[in-house]
Amino acid sequence: MKDLTLKKSERPRFIKKVEVKGGTYVLTYADGNKFTGIEYNDENKKKIESVLKKQAELGIISRRSFKLRKTLCGVVSGFSAAMMIGGATFAEGLSRISTLDTTSCVIAGGSLIFFGSVSLFISQQKRTKNKEKLEQIDTLCFLQDPQTRTDILETASLPNGLTGVSSQGKKLFDKADPFGLIDVDSMHKEDYQTILGNQRVLTGLAGEGIKPTQYIKK
Amino acid sequence: MKDYASEKEKEKFITNVVLEEDGTLTLVFADGKKYRGFPHNKEMLDSVEKKLEKQGKSVVKKKGKFVLAQTFCGTVSGLITSAGALSILAGVQQNLQSPNPGKVLGFCIFGAAAILGGAVSLGFSLENRSKVGQIKVMEHLTGEGKNHIREIMGTPNGMVGVSSKKRKILEAAMEYPFISIDSIQPKVIERVIINGENNQRLGVSYTDSALTSAPKVFIKNNREGI
């Protein structure tokens, strides 16, 4: 799960990753600390899932804040790019109108370009992170509707139901709980939309009498 | 324990307990007096711990005063230092515009004095900050709090995020937490409490090896258990 915390102080309480190692669950928190030695059984899985569910709900509530952060990072990126272009223009223009020597103008313009590029790099990285978080929140929101889940499960069990779905997404449907939040990082809204698209196509074909030879559940 | 006593209380406020080379205990009070020759045994340590816990409880009640002092000194430090820096800048500008040694010197002396004052105020703020940190630790250790901390330390993952060195220091300090209060870092206690909260929230079962590798649980100053 992406780190969906808004404050640094929440990070030690936010489970980011659930792994199975040596027959035990290993939980990695958003601050990097790991909880080890948790028995690998269904009861513990349910408990971990319930904590992840609460985290997901908090993430959904914070959606607007992540969107705002992403927009702000975009604005900063724009300013940074402008600073870089401005730096180059400034150096060139300054050398014409002022009495300063060329080296000073190059240093002034170069500084602007340097700080602009550093700022652009940092803001773009943050923007990408927030974008990924938003994508995960969107997937979680999408799967909140029980009817959508039922439709996805029904279509996934049909032949050709998973056509066009990523291999990561296909693997989820081999598991007992395809919507288990332990595997949330493998869940993508696009895959689910593809499955629902397949449902429409398959239903349309079936209506016209076009069915696979064995139109049975997998 | 840091000195939280007012002038009147200083003669009764213990700030340190020292184990001397001859095996006796020396009690150091806030007014600087040292009382030597106390026996180093369980009864004595229990009594001193009790006295220090009582001191701790009264300090916790006065937490607001230290928080206020920390904020006030920090703000004053920022204001005075800024004024000092501005004064020096004004001096530099004065020197560039129309050099007037008297005025420039005046600006610079005022600026330097203000920056010095700011640094002193910052010192007071930092001192109060460290006191507030220790008060937070004492808040967690008074009453049943210390047993709660000991229980968390005894559970699997209870000490996650604490380095082995700090872990050893905390384990040793938890025998008599108020006597060893100066060696307990606020961040370490906070970390242990978060681990306890995480364990409680998860409510999962652990493997036998995880349970046996967790540190022993210390209950109510039972020295044999440590």
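Taken together, the values in this text are just the output of simple stated rules run on the coordinates, not laboratory data. Only a predicted model underlies this, so the values are computations on that prediction, with no experimental measurement involved. No Cβ is skipped: glycine too gets one built from the backbone with ideal geometry, and neighbour counts run over all protein chains shown.
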The extension gain from B:K61 to B:H148, computed as 0.36 nm times the residue separation minus the Cα-Cα distance, is 29.3 nm
So, in nm, how far is label A:R200 from label A:R64 when the simple model puts each one 7 Å beyond its Cα toward the Cβ?
3.1
Taking the number of other C-beta atoms within 10 Å as the exposure measure, put B:I152, A:I97, A:I107, B:I181 in order starting with the fewest.
A:I97, A:I107, B:I181, B:I152
Sorted by Cβ neighbour density within 10 Å, fewest at the top, the residues B:M159, A:M83
A:M83, B:M159
Quick calc, A:S50 & A:A82: beta-carbon distance into FRET formula, R0 45 Å, rounding 0.05, result 0.40
In nm, to one decimal, how far is the B:E197 label point from the B:K12 one, both placed 7 Å along Cα→Cβ?
3.7
From the cross-link list A:K53/B:K136; A:K133/B:K187; B:K10/B:K62, the entries with a Cα-Cα span beyond 22 Å are A:K53/B:K136; A:K133/B:K187
For segment A:8-61, what is the largest minus smallest coordinate of the Cα atoms on each principal axis, given in angstrom and ordered from greatest to least?
33, 21, 11
Please order A:K175, A:K67 by the number of other Cβ within 10 Å, starting at the fewest.
A:K175, A:K67
In the structure shown, of A:K70/A:K175; A:K34/A:K170; B:K34/B:K146; A:K2/A:K54; A:K175/A:K211, the pairs separated by more than 25 angstrom at the C-alpha atoms are A:K70/A:K175; A:K34/A:K170; B:K34/B:K146; A:K175/A:K211
Report the full-extension gain for the segment A:V20 to A:K131: residue separation times 0.36 nm, less the Cα-Cα distance, to one decimal in nm.
37.2 nm
Per residue, how big is the convex hull of chain B when only Cα atoms are used? Give it in Å³.
189
For the protein assembly as shown, projected area of the alpha-carbon convex hull averaged over all directions, nm²:
36.6
